[in-house]
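Chemist: The structure follows.
None of the figures in this text is laboratory data; all of them are computed from the coordinates on show. All values reported here derive from a predicted model rather than from experimental measurement. Every residue, glycine as well, gets a Cβ built from its backbone with ideal geometry; the counts of neighbours run over all protein chains shown.
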Amino acid sequence: MQISPSILSADFANLQSELEAIATADWAHVDVMDNHFVPNLTLGPPVVEALLKVSPVPLDCHLMIEDPDRWAPGYAEAGAQSVTFHVEAATDPVATARAIRAAGARAAFAVKPGTDFAPYEDLLAEVDMVLVMTVEPGFGGQSFMADQMPKVRQVREAVRRRGGEIWVQVDGGVSASTIEQCAEAGADVFVAGSAVYGKDSAADAVAELRALAEKHRH
Ligand code: DX5
Ligand code: ZN
């Protein structure tokens with residue numbers, strides 16, 4: 001059970017100290033947005049490189065960008081330890097996942113709430129994680145979509161059938177009140193932005209989320 005706090009909800013003027021505040025987490029989730037795939041703009045490779053130099057935890061880069069086939073491998077080459085691209089934006093997801101892995105990172109694909117998982121089941125052979133979005137990508141602080149839990153179960157079942165170690169990540173509206181249903185459905189990596197950085201102590205929030213998820217270890 002792993003916790004990946006999203007720095008989208010952190011203070012962008014103080015990212016080094018914001019990363020240090022989540023040193024007890026497993027990952028730092030970095031939301032890359034390009035104003036095209038989603039209507040928001042955040043950061044790109046130069047900032048990821050700077051974060052890598054100071055982060056106490058590995059970086060989990062979630063690319064909400066057009067043309068990930070072209071851009072995703074660069075994040076792995078920069079040193080990001082996990083790189084997730086959206087299937088809705090990818091033209092050749094197999095080649096993209098392979099290029100990410102060839103650069104030494106874990107590869108993952110993400111599905112938006114309106115995107116079915118079934119057409120992408122064969123892609124499990126190429127990745128280390130599947131991200132099931134539990135909000136429409138683009139912004140932090142949105143309401144959790146419980147109607148995505150059947151998809152989390154479906155991914156977990158497909159992973160179980162295949163065997164091997166593929167993680168199932170949820171992202172969006174994950175908090176102390178929603179994390180248990182995610183874990184129960186089969187998620188094992190939990191992204192939380194506002195539920196971590198919106199609290200007085202990010203470290204306490206990470207510990208609380210972890211304890212709740214652990215109750216449903218599978
Ligand atoms: C949304 C991003 C999320 C976001 C989550 O597009 O992918 O990672 O930061 O924020 P919360 O946890 O506040 O919903
Ligand atoms: Zn994200």
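Chemist: Of everything in the range 27-64, what is within 14 Å of the chain's Cα centre (by Cα), more than 12 Å from Ser82 (Cα to Cα) and away from ligand 2 (no atom under 11 Å from the Cβ)? Give them in sequence order.
Modeler: Listed by number, the list is empty, since nothing qualifies.
Chemist: Now, a different point. Being crowded, with 21+ Cβ neighbours inside 10 Å and in a loop (DSSP other than H, G, I, E, B) is the filter here; which residues of the range 25-36 pass it?
Modeler: Keep residues of the range 25-36 that are crowded, with 21+ Cβ neighbours inside 10 Å, which gives 25, 27-33.
Ala25, Trp27, listed by residue number.
Chemist: Taking Ala50, is it part of a loop (DSSP other than H, G, I, E, B) and hydrophobic (A, V, I, L, M, F, W, C)?
Modeler: Spelling it out, it is not the case that Ala50 is part of a loop (DSSP other than H, G, I, E, B) and hydrophobic (A, V, I, L, M, F, W, C).
Chemist: Another one. Return a yes/no flag: does the range 8-20 have any residue that is within 13 Å of ligand 2 (Cβ to nearest atom) and assigned to a strand (DSSP E or B).
Modeler: No, every residue in the range 8-20 fails to be within 13 Å of ligand 2 (Cβ to nearest atom) and assigned to a strand (DSSP E or B).
Chemist: Another question about this same structure. Restricting the first residue to the range 141-167 and requiring it to be touching a residue at least 12 places away in the same chain (Cβ under 8 Å), which pairs with a second residue that is of a type in the set (D, E, K, R) and part of a loop (DSSP other than H, G, I, E, B) meet a Cβ separation below 6 Å and a spacing of at least six or different chains?
Modeler: Listed by first residue and then by second, the contacts come to Trp167/Asp188.
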